[in-house]
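Everything on this sheet refers to the single structure shown next.
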Amino acid sequence: MITINDLHAKIEDKEILKGLSLEVKAGEVHAIMGPNGAGKSTLASVLAGREDYEVTAGSVSFVGEDLLELSTEERAWAGLFLAFQYPVEIPGVSNINFLRTAINETREKKDLDPISAKDFMAMVREKSALVELDAKLASRSVNEGFSGGEKKRNEIFQMAMLAPKLSILDETDSGLDIDALRIVASGVNKLKNENNATIIITHYQRLLDYIVPDFVHVLFDGKIVKTGGKELAIELEEKGYDWIKEEIAQ
Amino acid sequence: MAEVAKNNINFKSDLQVTSVNVSENEKQKALDVLQNTTLPTTRVEAWKYTRVAKLGKIDFVNEKATISDISNYVIDDTKCSFVFINGHFSKGNSSQEIPAGVTITLLSEINAPLSKSSLTIEDEVFNAMNTAHLTGGLKIDITSNALVEIPIQIIHILKGDSTISNFKTIVNAGKSSQADLIQGFFSESGESNFCNSTSEINVAENAVLRIDKIQYESEKSFHISTEQVKQDKNSNFRINTFTLNGGLVRNNLNIDVNGQNCETHLNGAYLLKNKQHVDNHSVVDHKVANCESHELYKGVIDDRSTAVFNGKVFVRPNAQKINAFQSNGNLLLSDSATINSKPELEIYADDVKCSHGSTTGQLDEEAIFYLRARGLSERSARHLMVSAFIGDVLDKITNANIKTYTRRLLNDRFGWEF
Ligand SMILES: Nc1ncnc2c1ncn2[C@@H]1O[C@H](COP(=O)(O)OP(=O)(O)O)[C@@H](O)[C@H]1O
Ligand SMILES: [Mg+2]
């Protein structure tokens, strides 16, 4: 699905990613954990093509394409989805209208006809129910006046609408109460299949009780420094990151 | 005619003599003003950001012209549509099914001199020129209690190089009448053509008058409009001004609110690119108590274009319980685009609710990244953001035909698909 090899990236002359490598195969769920400032959101932004970051070395291959050569929208069309840590409020832009445009532009690239209004609305109903997002919210301005939990559910709603191959969830669980967390996790689980993959960036082991990862990686100072199974997340939750620092120092 | 006014606007000696019967007295006054007044410079406060000196370098002409297909300029398919080319009535392109309760007279067909103008002539070169050299126009009288069922459409088209049209619309909306007016200003062809338009609008007691005005001349055109509006008590006046093309455009909107319990709505959208210059000046003069006025203008300014907004609201002494709201928002799409925005309130009464505000910003790049990350092309994402910004003003258009037409123009000129 995606192969990241020795990725280096900087912003404003500050190197953040310092040789990160990671491989995710179809059907897998990977969790990335790490202390604040380690570069987790930077990795997500670089993969999504945010232009503020400069990739200085390394390569990323996504479904057989050189990801770094693609524009942000071309990455989306190829099946990459990023659930933002801080979803943007866009007053005046209707959530479902923009999604319809996004879906139709994606379909156009695949030589498919635009989705019919009827099919689209049926899909909105089905997918908003999946994350228990009020259909009224779904059609309002993007994230405007949404609570924190509603914004995160809206991210998963959009993910469901776009049916990506690879989803990167950047701290989608942060700040959610347990009910919202369950809803988001069950939404993600229902969307999971053997043809897609998920990268979950999180601080908290709690989410991983609901979305069980195949691998847990520790991102520290711009690199993946340790990889394990689900039990690594529990260990990190109990012991923090200091022991990892010591391990690296040795 | 054929005179050349010094330091002013020059006319070629073959400029056609007006066929409109302006009273000798008014005409002479206007000619005197033209003789003694130069074109305003940027030292004049009201013209601080708008240079009109270029107008003094053109030898203007006015000739009748024909256009065989005007379908591009038809905003609404109303049966009451009056088309003027270079200020002259184009009968063949017009459809004159006048709705009940309305009388429409071409100014060129009025035998008696026109009744006294409500325009200020002193120091106002363009009003003086419009009066002294009036090319044509029309007068619309709406009888008391008439509910005019179809919109009255006035289409003005410029054609030919260095063409000048001094055009006038007179509207008398009778007591308790209700009507909708559409004004469209276009340019078929020609460089350095100039439409100098004035409107004298009287909204009588309890009348409702709504105007949608679309300006879509060319980047080589000049356009100056002055609307002089008087509102009597309990009346409701609304004008939406959409400036979608034009080289240099100046709109003067002067509203005298003379009676109590009036409502006034001024909305405008201006979208500029290349080297366009669009200047909207408005004055709402609340002379009496218990009225409300709402003004919403929004601009999208790209490339090296410049926009000016100057909105003045006066609340005269004893004009208590006035609610006056004014807002101007601007979106700059390029580093070389400029906006000069100056909302002004002058309040001489104490029991009023007034607010004004002006904002200038750029497109939210974070939002654009978000939309692109969901699969919107960059172009769509930017268009969507612009359309979201300007959307609330476009929504002020209530007539669906005008809405559709406006969207078509936006698509033609800016490639919008929304
Ligand atoms: N716009 C920026 N300019 C400079 N430094 C930045 C910018 N954005 C993030 N950083 C720095 O990059 C590092 C990694 O940040 P981030 O990827 O957000 O970490 P994480 O998501 O792991 O908490 C931090 O040290 C942060 O201060
Ligand atoms: Mg982060």
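The values are calculated or read from the model by the stated rules, or taken from the named source; none is laboratory data. What you see is a predicted model, and the numbers here were worked out from it, not measured in a lab. Here the Cβ positions follow ideal geometry from the backbone for every residue, glycine too, while neighbour counts run over all protein chains shown.
Quick notes on this one:
- Test for B:Ile104: is it more than 30 Å from B:Lys342 (Cα to Cα), without any contact (Cβ under 8 Å) to a residue 24 or more places away in the chain, touching a Cys at 6+ places or on another chain (Cβ under 9 Å) and surrounded by 14 or more Cβ atoms within 10 Å (Cβ to Cβ): no
- B:Lys54 being touching a residue at least 40 places away in the same chain (Cβ under 8 Å) and in contact with a His (Cβ under 6 Å, 6 or more places away or on another chain): no
- Some residue of segment B:389-399 being free of Cβ contacts under 8 Å to residues at least 12 places away in the same chain, at the interface with chain A (Cβ under 7 Å from one of its Cβ atoms) and within 21 Å of the chain's Cα centre (by Cα): yes
- Matching residues, segment B:82-104, being within 19 Å of B:Leu134 (Cα to Cα) and among the polar types (S, T, N, Q): B:Asn86, B:Ser90
- When restricted to residues that are away from chain B (no Cβ under 14 Å) and either acidic (Asp, Glu) or touching a Pro at 6+ places or on another chain (Cβ under 7 Å) (or both), segment A:91-143 contains 6.
- Given (1) within 16 Å of ligand 2 (Cβ to nearest atom); (2) of a type in the set (A, V, I, L, M); (3) more than 14 Å from chain B (Cβ to nearest Cβ), number of the condition A:Ile2 does not satisfy: (1)
- Number of residues in segment B:169-204 that are under 24 Å from B:Ser221 (Cβ atoms), among the small types (Gly, Ala, Ser) and in a strand (DSSP E or B): the value is 5.
- Qualifying residue in segment A:170-184 (condition: among the β-branched types (Val, Ile, Thr), in contact with a strand residue (DSSP E or B) (Cβ under 8 Å, 6 or more places away or on another chain) and modelled with pLDDT of 95 or more): no
- Screening A:Asp221 against (1) under 30 Å from A:Lys10 (Cβ atoms); (2) acidic (Asp, Glu); (3) away from ligand 1 (no atom under 16 Å from the Cβ) leaves a single unmet condition, (3).
- Only listed residue being crowded, with 17+ Cβ neighbours inside 10 Å and in contact with a Pro (Cβ under 9 Å, 6 or more places away or on another chain), chosen from B:Ile402, B:Ile368: B:Ile402
- Residues of segment B:52-111 that turn out to be under 19 Å from B:Asn172 (Cβ atoms) and assigned to a loop (DSSP other than H, G, I, E, B), as a count: 6
- Answer residue from segment A:82-102, given it is outside any loop (DSSP other than H, G, I, E, B) and within 16 Å of ligand 2 (Cβ to nearest atom) and is surrounded by the fewest Cβ atoms within 10 Å (Cβ to Cβ) among those: A:Ala83
- Consider segment A:195-209 and keep the residues that are away from ligand 2 (no atom under 16 Å from the Cβ) and more than 19 Å from A:Leu166 (Cα to Cα). The one that is surrounded by the most Cβ atoms within 10 Å (Cβ to Cβ) is A:Gln205.
- Residue in segment B:354-371 that is more than 12 Å from every other protein chain (Cβ to nearest Cβ) and either more than 31 Å from the chain's Cα centre (by Cα) or part of a helix (DSSP H, G or I) (or both) present: no
- Scanning segment A:126-181 for residues that are of a type in the set (A, V, I, L, M) and either on the phi > 0 side of the Ramachandran plot or within 16 Å of ligand 1 (Cβ to nearest atom) (or both) yields A:Ala163, A:Ile168, A:Leu169.
- Considering segment A:32-70, the residues that are more than 17 Å from the chain's Cα centre (by Cα) and within 14 Å of chain B (Cβ to nearest Cβ) include one that is farthest from ligand 2 (Cβ to nearest atom), namely A:Leu70.
- Among (1) at pLDDT 95 or above; (2) polar (S, T, N, Q); (3) under 30 Å from A:Leu82 (Cα atoms) - the single one B:Thr406 does not satisfy: (3)
- Single residue of segment B:314-345 satisfying the filter (among the charged types (D, E, K, R) and assigned to a loop (DSSP other than H, G, I, E, B)) that is surrounded by the most Cβ atoms within 10 Å (Cβ to Cβ): B:Arg316
- Condition check for B:Leu409: farther than 28 Å from A:Arg107 by Cβ and not aromatic (Phe, Trp, Tyr): yes
- Residue-level check: of (1) within 21 Å of A:Ala48 (Cβ to Cβ); (2) within 16 Å of ligand 2 (Cβ to nearest atom), A:Lys192 misses just (2).
- Residue satisfying condition, being touching a residue at least 40 places away in the same chain (Cβ under 8 Å) and part of a strand (DSSP E or B), within set B:Ser118, B:Ser144, B:Ser165: B:Ser165
Every residue, every condition in (1) touching a helix residue (DSSP H, G or I) at 6+ places or on another chain (Cβ under 6 Å); (2) surrounded by 24 or more Cβ atoms within 10 Å (Cβ to Cβ), yes or no:
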residue: B:Ile155; (1), (2): yes, no
residue: B:Gly160; (1), (2): no, no
residue: B:Asp180; (1), (2): no, no
residue: B:Asn196; (1), (2): yes, yes
residue: B:Thr243; (1), (2): no, yes
residue: B:Val249; (1), (2): no, yes
residue: B:Gln260; (1), (2): no, no
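- Restricting segment B:169-203 to residues that are of a type in the set (Gly, Ala, Ser) and touching a Ser or Thr at 6+ places or on another chain (Cβ under 7 Å) leaves a set whose member that is farthest from B:Gly259 (Cα to Cα) is B:Gly190.
- Any hit, segment A:77-87, residues being away from chain B (no Cβ under 14 Å), in contact with a Lys or Arg (Cβ under 9 Å, 6 or more places away or on another chain) and within 16 Å of ligand 1 (Cβ to nearest atom): no
- Every listed requirement among (1) modelled with pLDDT of 95 or more; (2) within 16 Å of ligand 1 (Cβ to nearest atom); (3) small (Gly, Ala, Ser) is met by A:Ser21 save one, (2).
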